[in-house]
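Note sheet for the following structure.
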Amino acid sequence: MEHGYADFRARREATVWQRLNRILLVLLIIAVWLVIVSLFVPPYKKLMQSRTEIDNLQQQVNEQHTLLARQTREVSLLKTDVSYLETIARDRLDLMKEGETIFRLETARAKAKPVAPTRK
């Protein structure tokens, strides 16, 4: 009977050590994974910030290309189209031809601040 109990005790101690070894292995794997993640997260964040900055800069470049094309077209029209030049000159100098009626539509440059109701 003693031999059976010793065998049971040895098997029990072996399973306890096996469990502890498994737990230790899992903890070691988690620690290694955390180290790897901590090494790659900062460069990844920097990469994402760089991509965002590149997108913003590309948008600015596109806006500048659009502006350049518009201004190039205007310069070309000013150099070649006499009627366009005349229209622009009269508009900027606030002049008009005889018999011509000018309607000016001014856009609101700044929104008017809402007036707070007064208390009585």
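The values are calculated or read from the model by the stated rules, or taken from the named source; none is laboratory data. Remember, predicted model here, so these are calculated numbers, not experimental data. No Cβ is skipped: glycine too gets one built from the backbone with ideal geometry, and neighbour counts run over all protein chains shown.
Need the failing condition index for Pro43 against (1) surrounded by 10 or more Cβ atoms within 10 Å (Cβ to Cβ); (2) under 19 Å from the mean Cα position of the chain (by Cα), just the number.
(1)
What's the number of the only condition in (1) basic (Lys, Arg); (2) at pLDDT below 95; (3) surrounded by 10 or more Cβ atoms within 10 Å (Cβ to Cβ) that Arg51 fails to meet?
It fails just one condition, (2).
May I ask you to say which residue of Lys46, Lys79 is in contact with a helix residue (DSSP H, G or I) (Cβ under 9 Å, 6 or more places away or on another chain) and of a type in the set (D, E, K, R)?
Details: Lys46 fails: in contact with a helix residue (DSSP H, G or I) (Cβ under 9 Å, 6 or more places away or on another chain).
Checking each option against the conditions leaves just Lys79.
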